[in-house]
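S.K.: Before I ask anything, here is the structure I am working with.
The values are calculated or read from the model by the stated rules, or taken from the named source; none is laboratory data. If you're wondering where the values come from, they're calculated on a predicted model, not measured in any experiment. Neighbour counts run over all protein chains shown; Cβ positions are idealised from the backbone, glycine included. Ligands, DNA and RNA are excluded from the accessible area calculation, which covers all protein heavy atoms including side chains. Shrake-Rupley method; radii C 1.70, N 1.55, O 1.52, S 1.80 Å.
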Amino acid sequence: MDHRQAFLDYLAFEKRYASHTLAAYDNDLKQFFGFTRDMYQTEDPVLIRHFMIRSWMVELLENGMSTRTINRKLSSLKSLFGFLIRRGVVEANPVRKIAAPKVAKKLPVVVGKGDLDRMFEALSKGNDFETTRDRLVLQLLYGLGLRRSELIAIEVKDVDWQRNQVTINGKGARQRKLPLGRALVQALEEYLRLREKIFPDSEIPHLLLTNKGKAIY
């Protein structure tokens, strides 16, 4: 059964939503399930979990989408799963585990955009180990908002490839799980392939290595 179409039919014939509102819901759902198809090989709402939604949010933010638009898309998903709960298709709404991004609050800018662009540009070319690693370092620091100590402490086992997230060990033995967008997943895969090729016998648990195969410091 096409649960998404059943939901859209419900909005159209029972809720009497306007055509432009239906089109917005349809577009949001197509975009989300297109993402889960590519990243998690499923478009079945029954198989959707909250970490998939978080990864989608990260990708939308990486692509420059406004928090207001992302919140609207989350609202579309929340309505879909509310509908499916009432129909007995799913037992819980995975969107309820998602903290919606705040619209007004902005993070402080530590590095100017021009400087950041120049750093990424300097590392955009080259596929040697050092350049690939340094490019990943920038993407991790910038994409996840990590402290230097947190970056250094990441181990290979901390990356959850099934859920596209990484466990970060912070101050006071506190842990948090951060979603990885598509660009970061690809950067990690590229780096780890090169690391395995250059240091095939390495037993260092840390993700990032020096040019001599030691944990970075």
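S.K.: Checking the condition aliphatic (A, V, I, L, M), part of a loop (DSSP other than H, G, I, E, B) and open to solvent by 80 Å² or more (accessible area, probe 1.4 Å), which residue from Ala92, Ala99 passes? I'd like the intermediate steps shown before the answer.
M.R.: Values: Ala92 fails: open to solvent by 80 Å² or more (accessible area, probe 1.4 Å).
Among Ala92, Ala99, only Ala99 is aliphatic (A, V, I, L, M), part of a loop (DSSP other than H, G, I, E, B) and open to solvent by 80 Å² or more (accessible area, probe 1.4 Å).
S.K.: Which of the residues belonging to segment 150-183 are part of a loop (DSSP other than H, G, I, E, B) and open to solvent by 50 Å² or more (accessible area, probe 1.4 Å)?
M.R.: Trp161, Gln162, Arg163, Arg174, listed by residue number.
S.K.: Say whether the condition of being assigned to a loop (DSSP other than H, G, I, E, B), within 22 Å of Ile204 (Cα to Cα) and at pLDDT 90 or above is met by at least one residue in segment 110-130.
M.R.: Yes, some residue in segment 110-130 is assigned to a loop (DSSP other than H, G, I, E, B), within 22 Å of Ile204 (Cα to Cα) and at pLDDT 90 or above.
S.K.: Another question about this same structure. When residues of segment 184-217 are filtered for being open to solvent by 50 Å² or more (accessible area, probe 1.4 Å), of a type in the set (A, V, I, L, M) and in contact (Cβ under 8 Å) with a residue 40 or more places away in the chain, how many remain?
M.R.: Summing the residues that are open to solvent by 50 Å² or more (accessible area, probe 1.4 Å), of a type in the set (A, V, I, L, M) and in contact (Cβ under 8 Å) with a residue 40 or more places away in the chain in segment 184-217 gives 1.
S.K.: Given the options Lys73, Lys15, Lys30, name the one that is open to solvent by less than 30 Å² (accessible area, probe 1.4 Å) and among the basic types (Lys, Arg).
M.R.: When all the criteria are applied, what remains is Lys73.
S.K.: Check off (1) in a helix (DSSP H, G or I); (2) touching a residue at least 40 places away in the same chain (Cβ under 8 Å) for Asn71 and give me the number that stays unchecked.
M.R.: All conditions pass for Asn71, except number (2).
S.K.: Could you give me the residue pairs with C-beta distances under 8 Å whose first residue belongs to segment 124-149 and is over 15 Å from Leu178 (Cβ atoms) and open to solvent by less than 70 Å² (accessible area, probe 1.4 Å), whose second residue is modelled with pLDDT under 90 and in a loop (DSSP other than H, G, I, E, B) wherever it lies, and which are 6+ apart or on separate chains?
M.R.: These pairs meet every condition: Thr131/Leu123; Thr131/Lys125; Thr132/Gly126; Asp134/Leu123; Arg135/Leu123; Arg135/Ser124; Leu138/Leu123.
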